[in-house]
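Q: Below you will find the structure I want to go over with you.
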Amino acid sequence: MRLVVIEFMTLDGVMEAPGFEEHRDGRNGWAMRVSDAELQGFSGEQIARAGALLFGRTTYNIWAAFWPTAPAPAARMAARIEALPKYVVSRTLPGSDWANTTILRGDMLEEVQRLKAQPGGEILVYGSADLVAGLLEADLVDEMRVLLFPVILGSGKRLFRDDADLRYLRLLSVSTTSSGVVILTYERTGADPTTAEDAAASYFWTDDQRQSLRAAEETDRILATVLFTDIVDSTTRAAALGDREWRRLLDRHDKAAQVEVARWHGSFVKSTGDGILARFDAPTRALRAALGLCQGAKRMGIEIRAAIHTGEVEIRSDDLGGIGVHIASRVLSEAGPGEVLVTRTVRDLVTGADVEFRPRGTVSLRGIPGEWELFEASSR
């Protein structure tokens, strides 16, 4: 069976809440409000020729809540979906009474490869951004059908992660519906496209041009301490609480984080969805804020992890970028539940007898040159 990903996406890359499931800013139903006969026909055709459906847990819960009791106009599609084999990749979903559902609790790569080895039609994956990211990383996606809607949503979960691997696809077809939705069909390609060296030569940068750009950018570069946090096992918690309660918890978390960052004279840069990015002028302040955030999260019944690095960053209006931010982001992926991980630079600069550091060894950080020595920080 071929694995085909079908995604409804806005012009700004959002795939969250195309239907009337909840959206944290109330911006749901954006795809349903841009509809036409061609789009409905396309959707019906995909389900009609499908051999099976594959979901991540969140998207499965959304479909299982709607389709078994879908209204009369959608009865025909609902019956087809009911009859199809449905697979959900989850180690935490306790069970399901939706007909023809199988929960895949084993290794995702092995489970999906086993499904693809079966005869039959296409395995369709709708939504399920985290699952799709894993499938793309494992090179298991045979085809992508992206429905690009003429909508700028402004907030919501993006289809592709910031740290996704570089990947080239081959365009198979393009069609446009009367409401302005562009249906793009791509297949994977095994090699990078051949560079048209002669055509591109006029646009190669000279050393002088690079130096001019660096000189312009240096005016917005500073030395700062960067703090990243995120909520541990946020997907499972969100599924257990439900969208509304999860949004309320996130709002409480973000407000508490802003207060704690301000208490240590830091700048709250932004919420990252289930965590924060903050900037400090001293690593000791960042560390004390991180330890305070961990304690505050426990009082809310959740657990976070944090990472801190001191280095060069770029001030980008109300955001932050540069190598220092990338390093802190990669360090965060090494942290365990409740841990505050710091780089050696931070360890060497922090003052105070009430803080101790436990070596965590030397690691390679994805996309960052060299080896990095990390330490777990805690209060004595």
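Each value in this text was obtained by applying a stated rule to the coordinates, not by laboratory testing. Computed from a predicted model, the values in this text were never measured in an experiment. Please note: Cβ atoms are built from the backbone with ideal geometry, for glycine as well, and neighbour counts cover all protein chains shown.
Q: Return the long-range amide H neighbours of PHE55 (sequence gap of 5 or more, or a different chain), with a cut-off of under 5 Å between placed amide H atoms.
A: TYR87, VAL88, VAL89
Q: Can you tell me how the stretch 97-217 classifies by the Cα gyration tensor, rounded, prolate or oblate, using a/c under 1.5 as the rounded cut?
A: Details: a/c = 2.00, a/b = 1.82, b/c = 1.10.
In terms of gyration-tensor shape, prolate.
Q: Let me ask another. Hey, rough spin-label estimate for SER267 and THR102, points 7 angstrom out along Cα→Cβ, what's it come to in nanometres?
A: A separation of 5.3 nm, rounded to one decimal place.
Q: Here's something else I'd like to know. Per-residue HN-Hα couplings for the stretch 148-158, Karplus 6.51 cos²θ - 1.76 cosθ + 1.60 at θ = phi - 60°, whole Hz, x for Gly and Pro?
A: 8, 8, x, 9, 10, 8, x, 7, x, 6, 7
Q: Counting only pairs 8 or more residues apart or on different chains, how many lysine pairs in the chain have their Cα atoms under 18 Å apart? Walk me through the numbers on the way to the answer.
A: Values: LYS86/LYS116; LYS157/LYS270; LYS255/LYS270; LYS255/LYS298.
The number of close lysine pairs in the chain is 4.
Q: Taking a point 7 angstrom from the Cα of GLU356 along the C-beta vector, which residues in the stretch 363-380 have backbone N less than 20 Å away?
A: Hits in the stretch 363-380 for GLU356 at 20 Å: 374-380.
Q: Using Cα springs under 10 Å in a Gaussian network model of the chain, which residue among LEU166, LEU293, LEU115 shows the largest mean-square fluctuation?
A: Highest fluctuation among the options: LEU166.
Q: Quick test of the membrane-span-like rule: which DSSP H helices of the chain reach at least 15 Å along their long axis (C-alpha atoms) with mean Kyte hydropathy at least 1.6?
A: none
Q: Under a 5 Å amide H to amide H cut-off, with H placed in plane at 1.01 Å, what residues pair with VAL269 once short-range neighbours are removed?
A: HN-HN under 5 Å from VAL269: LEU277, ALA278, ARG279.
Q: Here is a further query. Go through the stretch 13-20 residue by residue and turn each phi into a ³J(HN,Hα) via Karplus (6.51, -1.76, 1.60, θ = phi - 60°); whole Hz please, and just put x for glycine and proline.
A: Going residue by residue, I get x, 7, 10, 6, 6, x, x, 9 Hz, with x marking Gly and Pro.
Q: At 7 Å along Cα-to-Cβ for each site, give me the label-to-label distance between LYS298 and ARG344 in nm.
A: Inter-label distance under the simple model: 3.1 nm.
Q: For labels at THR236 and ARG76 in the simple 7 Å Cα→Cβ model, what's the distance in nm?
A: Placing both labels 7 Å beyond Cα along the Cβ direction yields 4.3 nm.
Q: Then there is this: So between ASP220 and ASP12, what do we pick up on full extension, going 0.36 nm a residue minus the alpha carbon distance? Let's see the in-between values first.
A: Numbers: separation 208, 0.36 × 208 = 74.88 nm, distance 2.60 nm.
The ASP220-ASP12 span can extend by a further 72.3 nm.
Q: By its C-alpha gyration tensor, with a ≥ b ≥ c as the square roots of the eigenvalues, how is the stretch 3-188 shaped: rounded for a/c under 1.5, else prolate for a/b larger than b/c, else oblate?
A: Because its axes are fairly even, with a/c under 1.5, the stretch 3-188 counts as rounded.
Q: Shifting gears a bit: Which value, in debye to the nearest 20, describes the size of the charge dipole of the chain about its Cα centre when Lys and Arg Cβ atoms bear +1, Asp and Glu Cβ atoms bear -1, and nothing else is charged?
A: Dipole magnitude for the chain comes out near 1180 debye.
Q: Follow-up question, since we're still on this one. Work out the FRET efficiency for GLN118 and ASP163 from their Cβ-Cβ distance, taking R0 = 30 Å, and round it to the nearest 0.05.
A: 0.40
Q: When the dipole is taken about the Cα centre of the stretch 13-109, and only Lys, Arg (+1) and Asp, Glu (-1) are charged at their Cβ, what size is it in debye, to the nearest 20?
A: For the stretch 13-109, the charge dipole is close to 200 debye.
Q: Given the options GLY127, GLY370, GLY154, which has the most mean-square fluctuation in a GNM of the chain, springs set between C-alpha atoms less than 10 angstrom apart?
A: GLY370
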